[in-house]
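The values are calculated or read from the model by the stated rules, or taken from the named source; none is laboratory data. All values derive from a computational prediction rather than experimental measurement. No Cβ is skipped: glycine too gets one built from the backbone with ideal geometry, and neighbour counts run over all protein chains shown. Surface areas here come from the heavy atoms of the whole protein model, side chains and all, with no ligands, DNA or RNA. Shrake-Rupley method; radii C 1.70, N 1.55, O 1.52, S 1.80 Å.
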Amino acid sequence: MHDIKFIKNKPEIFDRLQKKRNEKVKSSEILEIYNKYLSHINKIQELQKIRNNESKKIGLISKIESKTKIDLLKKNVGNLKKKISDLNFLADKEYSNLTRILSLVPNLLDEKTPFGESDLDNKKIKEFGEKNEFSFQPLDHVVIGEKLGLLDYTSAAKLSGSRFSVLKSELALLSRALMNYMLDKHTKQNGYKEIKVPELVLKECLYGTGQLPKFKDDLFETREGLWLIPTAEVSLTNLCREEILNYKNLPLRYTSFTNCFRSEAGSAGVDTKGLIREHQFGKVELVSITKPESSMNELDRMIECVESILKDLNLHYRVMELCSSDVGFSSSYTLDFEVWMPGQSKFREVSSCSNCKDFQSRRMKMRTKNNETGKIIYPHTLNGSGLAIGRIIVAILENFQEKNGEVNIPKVLWDYMGGTKKLLNLKD
RNA sequence: GGAGAGAUGGCAGAGCGGUUGAAUGCACUGGUCUUGAAAACCAGCAUAGUUUCACGACUAUCCAGGGUUCGAAUCCCUGUCUCUCCGCCA
């Protein structure tokens with residue numbers, strides 16, 4: 001949510017940065033509604049002041065004055081009440097109009113975010129490792145998994161239809177190993193606090209992080225009005241919704257493994273089979289809540305935490321700076337991590353790290369009191385995948401496959417795999 | 001799901017329908033004292049909004065939404081949540 005006073009004071013910046021996103025909103029229409037609202041509010045407060053004074057007067061003189069005189073006073077206040085409630089009705093109308101519009105306006109882009117018209121304009125800022133050499137034609141993860149008898153899409157379709165997976169035996173274990181390894185890394189080495197959170201949340205949470213009201217169609221809603229989270233960012237960030245956080249405790253760093261649920265409404269026909277794009281997938285998430293001035297440093301730190309995992313796994317990846325058309329609704333500046341997938345001959349996103357600045361904290365009324373100034377301020381929120389389990393499984397299957405169809409497990413996972421170092425082809 | 005109790009400032013916890021935005025304690029901030037710290041003492045300390053160059057003034061808020069009243073933290077209704085007891089259940 002935007003600070004209306006910012007729009008009022010710096011309309012040209014607001015308009016320029018929204019235009020950079022290709023958004024149509026104009027500060028002028030927003031301010032017009034806001035000014036109408038203010039004029040009602042001013043009148044209301046004036047009348048309320050009179051009402052309060054008159055009521056106090058009645059209380060004071062009620063024991064001395066005659067009944068008729070008091071009744072007259074009461075009648076006058078009664079008239080005021082009617083005017084006040086009429087004006088309140090008008091003010092409420094303008095206010096809900098204002099919030100309805102503002103709730104659909106995306107975050108202001110950071111000046112660092114490059115301009116671009118599609119994901120083709122994203123800028124590569126870093127690359128680590130290099131493409132594996134294969135003496136044979138590397139296979140896609142679905143083929144590898146099915147050949148090994150560890151991925152079962154017939155069963156998945158029987159249970160839940162398309163965009164679901166059934167993982168078996170060592171592959172199910174690999175999924176669990178990755179979760180444990182990543183959580184251990186983030187809690188023991190990277191300073192994050194592990195939290196186990198609900199995966200069904202109230203709509204207020206989704207409003208707070210920015211998925212609602214605009215992206216309703218991407219989410220699953222239950223009959224009871226609870227919503228399945230599309231990412232643990234929702235649950236973790238909303239832990240601090242409507243809180244005044246202790247300034248001294250910042251930054252807060254949370255990590256959690258959850259299942260994530262996405263309807264994938266807009267991606268019909270794309271990646272319909274496999275672990276790349278599923279309705280349900282596991283992900284370890286990182287969330288940081290920081291003082292405003294240190295959020296960009298925190299993003300750098302978060303990136304290192306994500307990189308530490310990719311390096312451990314020995315994966316070839318690149319870091320992309322998202323351009324203006326590709327940065328998400330709530331984010332101001334985003335970096336994506338893409339891992340090379342030889343079976344598909346392309347880089348695929350496995351993590352996205354965003355600085356949402358005070359956009360989410362304003363939406364969810366998360367605040368903190370600056371000790372030095374005594375002012376109430378909005379902290380900055382950041383989130384990053386650390387990482388998406390399904391896509392990392394794809395990366396492992398495709399990058400470490402051998403000619404006979406077997407797959408080597410990265411060394412850091414051996415202990416987590418109970419000593420299993422390789423996915424064996426037991427069929428042949 | 002049934003029966004009862006409750007929801008007040010960062011936390012704990014008072015509060016007769018009329019200067020109660022709200023006692024008190026803790027926490028927090030500043031000061032005195034101390035080599036430093038602790039302790040003690042003194043002072044400050046809710047949030048949102050309007051208005052003002054500023055000091056300030058004003059308005060709203062005691063879970064949420066309605067209602068009664070000239071006036072509600074205080075009375076009434078509805079909802080949400082929490083706790084205790086019973087039932088059911090991973």
Å² of accessible area per residue within region A:278-333, as computed with a 1.4 Å probe and no ligands counted:
27
Whole number please: convex hull volume per residue, Cα atoms of region A:246-364, in Å³.
144
Subtract the Cα-Cα distance of residue A:304 and residue A:49 from 0.36 nm times their separation in residues, and report this length gain in nm to one decimal.
86.2 nm
The answer for residue A:409, listing residues at least 5 apart or on another chain whose modeled amide H is closer than 5 Å to its amide H, is A:422, A:423
Given all pairs of different Cα atoms, what value in angstroms does the Kirkwood hydrodynamic radius of region A:180-239 take?
12.6
Looking at A:128, A:297, A:246, which one has the Cα that reaches farthest to the positive end of the dipole of region A:119-423 (charges on Cβ: Lys, Arg +1; Asp, Glu -1)?
A:246
Given H placed 1.01 Å from N in the peptide plane, which residues other than close sequence neighbours of residue A:220 have an amide H under 5 Å from its amide H?
A:228, A:263
Rounded to the nearest 10, the angle in degrees between the Cα long axis of helix A:169-184 and the longest principal axis of the Cα atoms of chain A comes to 50
Mind checking the log10 I(q)/I(0) for chain A at q = 0.10, 0.11 Å⁻¹? Debye, one equal scatterer per Cα, no solvent, two decimals.
-0.77, -0.90
Please give the helix A:27-61 orientation as an angle from the longest Cα principal axis of chain A, in degrees from 0 to 90, rounded to the nearest 10.
50
Over chain A, what is the mean sequence separation of C-alpha contacts under 8 Å (at least six apart), divided by residue count, expressed as relative contact order in percent?
20
Please list, in chain and number order, the residues 5+ apart from residue A:245 or on another chain whose amide H is under 5 Å from its amide H, with Hs placed from the backbone.
A:367, A:368, A:369
Where does chain A land at 222 nm, in deg cm²/dmol rounded to the nearest 500, when only DSSP H runs of n ≥ 4 count, each adding -39500 (n - 2.57), divided by all residues?
-12500 deg cm²/dmol
Pairwise FRET efficiency - residue A:72 versus residue A:42, Cβ, R0 = 30 Å, nearest 0.05
0.60
Using 0.36 nm per residue, how much length does the chain from residue A:88 to residue A:118 gain when fully extended, once their Cα-Cα distance is taken away?
6.3 nm
Kirkwood hydrodynamic radius for region A:326-413: how many Å is it when counted over pairs of different Cα atoms?
15.9
